[in-house]
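The values are calculated or read from the model by the stated rules, or taken from the named source; none is laboratory data. What you see is a predicted model; the values in this text were computed from it and never measured. No Cβ is skipped: glycine too gets one built from the backbone with ideal geometry, and neighbour counts run over all protein chains shown. Remember, those area values only see protein heavy atoms, side chains included, never the ligands or the DNA or RNA. Shrake-Rupley method; radii C 1.70, N 1.55, O 1.52, S 1.80 Å.
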Amino acid sequence: MARNCGRRFVLGIDVGTTSVKATIIDPTTKAIIDSQWRQTQAEKSCESGSLVNEQDPSRICTALQHAVSMLKKEQLLRVSAIGICGQMHGVVLWKCREAWSRNDFRRYELENTSQLITWQDLRCSGEFLRTLPNPDSHLRLSTGHGCATLFWLQRNMPEFILQYDRAGTIQDLVVTMLCELNQPIMSVQNAASWGYFNTVKNKWNTKILRKHGFPVHFLPEVRESDSVAGELVEDWYGIPQGTPVMVALGDMQCSVMPALQDEHDAGG
């Protein structure tokens, strides 16, 4: 159980395309108590003109933990919840129980994962997308969307994806790691960003996908965006074991939410 004596702060983490940010917030006053950011330097070099856009998840994980470690320790001790958002649409694959470990300093290190195939990846050409089934979704499928990328990998690199048995966005991987979850848990926001997700029924288009040979075992469990995904399994940079970790959100929704709240407050 988390030790919550006098604790009232929230740690927010944003896993961006080029940097990660960690901010401690007072949820009552909305005041920023402390904030740190680090460049990830995670982009993988590709040949000029390549359609591939990938990033190294281990570099992202290292930058994230560096940012958190630079926050004031006395404030980290008062964190009562952790919220994470990040770049949408992309996909990273990993092997259950083999994707991370903790070193002698109790820092997480990623091991058996794929590269993060980002939302900027262009391998799913218009011609390829036209071979895919129409999704039962309000969103049009596009290159860089997680399900489109998994379709491409299944058809073009089937041996590659056999190495893994889990998938999610990079922020889903972070939540899974911190909570030591067996199965990744994804928010409705990130599920919709992958494609083939019906937000009215809150369900993947499993029948459509299975019929066309999609590896449906990679689809994460989906929960509402205000749900708790799990708890810290160990103390993490002073944040006590048992602290709840919310299901990861999309960066776009999180950037819009404060503006909507401010507008509502101004309207009184």
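Within the stretch 6-23, which residues are without any contact (Cβ under 8 Å) to a residue 60 or more places away in the chain and open to solvent by less than 40 Å² (accessible area, probe 1.4 Å)? Explain how you work it out, then say what you get.
Taking the stretch 6-23 and keeping what is without any contact (Cβ under 8 Å) to a residue 60 or more places away in the chain, we get 18-23.
Scanning the stretch 6-23 gives S19, V20, A22, T23.
Can you name the number of the only condition in (1) of a type in the set (D, E, K, R); (2) open to solvent by less than 60 Å² (accessible area, probe 1.4 Å); (3) within 20 Å of the chain's Cα centre (by Cα) that D26 fails?
Of the numbered conditions (1) of a type in the set (D, E, K, R); (2) open to solvent by less than 60 Å² (accessible area, probe 1.4 Å); (3) within 20 Å of the chain's Cα centre (by Cα), the odd one out for D26 is (3).
Which condition number does L110 fail, the rest of (1) crowded, with 22+ Cβ neighbours inside 10 Å; (2) of a type in the set (A, V, I, L, M); (3) within 16 Å of the chain's Cα centre (by Cα) being met?
Exception for L110: condition (1).
Could you name every one of the strands (runs of 3 or more DSSP E) located completely within the stretch 161-241 that has at least 2 residues being surrounded by 21 or more Cβ atoms within 10 Å (Cβ to Cβ) and on the phi < 0 side of the Ramachandran plot?
Those strands (runs of 3 or more DSSP E) span 166-168, 185-187.
Is it true that L141 is hydrophobic (A, V, I, L, M, F, W, C) and crowded, with 18+ Cβ neighbours inside 10 Å?
Details: hydrophobic (A, V, I, L, M, F, W, C): yes; crowded, with 18+ Cβ neighbours inside 10 Å: yes.
Yes.
Considering only the stretch 91-102, I want to know if a residue exists there that is surrounded by 16 or more Cβ atoms within 10 Å (Cβ to Cβ), free of Cβ contacts under 8 Å to residues at least 24 places away in the same chain and not hydroxyl-bearing (S, T, Y). Lay out the reasoning, then the answer.
Initial filter on the stretch 91-102 (surrounded by 16 or more Cβ atoms within 10 Å (Cβ to Cβ)): 91-94, 99-100.
Narrowing further to those that are free of Cβ contacts under 8 Å to residues at least 24 places away in the same chain: none.
Checking the stretch 91-102: not a single residue is surrounded by 16 or more Cβ atoms within 10 Å (Cβ to Cβ), free of Cβ contacts under 8 Å to residues at least 24 places away in the same chain and not hydroxyl-bearing (S, T, Y).
What are the residue pairs meeting all of these: first residue in the stretch 156-169, first residue closer than 22 Å to Q87 by Cα, second residue aromatic (F, W, Y) and open to solvent by less than 50 Å² (accessible area, probe 1.4 Å), Cβ atoms under 6 Å, and 6 or more apart or on different chains?
Y164/W94; R166/W94; A167/F218
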